[in-house]
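These notes are about the structure you will find just below.
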Amino acid sequence: MSRPLLAASRLATALTAVGAWWRGCHWRSAGVETPCAPALERSWLRPWDHLPKRSAGADFTRADYAAARARAREVARATLGDALWAQLQRQGYLDVPSTCQPGLTYRLRVGRRIEVRCAPGVRSPWPALYLCINPTYPLPEAEFFAQLYLYVRDREDLVRRVAAPQPWDQALGRTF
C-alpha cells in the first residue's frame, strides 16, 4: 500500500474511533437510552465552537444529514402550517411584518440572514440591511427557519436585541 493511502486509511480509522467515542460520551451525558426511548438530546449544554461551519460533526454521516434534514422539513411544515409552508416553497421566503414598527418587514429565507425591508418613508432601526442570528448548536436549516419565524412573529423584541446588523447577505454558520 502506498504511503498516502496508508495515511488516509489510518486517518479514517482514527475518525471512526473518535466518532464512536463522541457518540458514547454524548449519550452518557444526555441521559439513559433504551431501545424504546432514546435519551433526550440536550445539545445546548455542550460547546460547539470546535466544529467547522455548516457541519454537525465528524461522526455525522450522509445518511445522518439526510435523516436530520427530512425531520427538519417535517418540523418546519408542522410549525408553519400547510398554507405558510406552501407559500415558502413557492416564493422561497416569508415576509413577517413588524409589530414594533409599522412599515418594517422582516424577510425570512431558509439558511440565510434576515433581510430588513422598509416601506417608503420608514427608517430602519439598524444601519445595515441584514440581521444575523445563528443557532447556538448545529441545526438543519429548515428547523432553524421555523424557530426563527416564531421568534420574529412572537418575540420581535428579543430579535431586535440580539440580532447583529450586517451589510451583506450570507448563509448562516451553524446550520446544515
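The values are calculated or read from the model by the stated rules, or taken from the named source; none is laboratory data. Computed from a predicted structure; not experimentally measured. Cβ coordinates were reconstructed from backbone atoms using ideal geometry, including for glycine residues, and neighbour counts include every protein chain displayed.
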Selected residue (criterion: farthest from GLY103 (Cα to Cα)) from residues of the stretch 128-166 that are loosely packed, with under 14 Cβ neighbours inside 10 Å and touching a residue at least 40 places away in the same chain (Cβ under 8 Å): THR136
Within the stretch 83-125, count every residue that is under 14 Å from ALA164 (Cβ atoms) and surrounded by fewer than 16 Cβ atoms within 10 Å (Cβ to Cβ). 1
Being on the phi > 0 side of the Ramachandran plot and touching a Ser or Thr at 6+ places or on another chain (Cβ under 6 Å) narrows it down to one residue among GLY103, GLY81, GLY111, GLY92; which is it? GLY111
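Can we say ARG62 is in contact (Cβ under 8 Å) with a residue 24 or more places away in the chain and under 15 Å from PRO140 (Cβ atoms)?
no
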Quick check on my filter: what residues within the stretch 163-176 are at pLDDT 95 or above and of a type in the set (Val, Ile, Thr)? none
For LEU80, indicate whether it is at pLDDT 65 or above, touching a Lys or Arg at 6+ places or on another chain (Cβ under 8 Å) and of a type outside the set (D, E, K, R). no
When the stretch 46-59 is examined, which residues are found to be in contact (Cβ under 8 Å) with a residue 60 or more places away in the chain and within 17 Å of GLY111 (Cβ to Cβ)? LEU51, LYS53, ARG54, SER55, ALA56
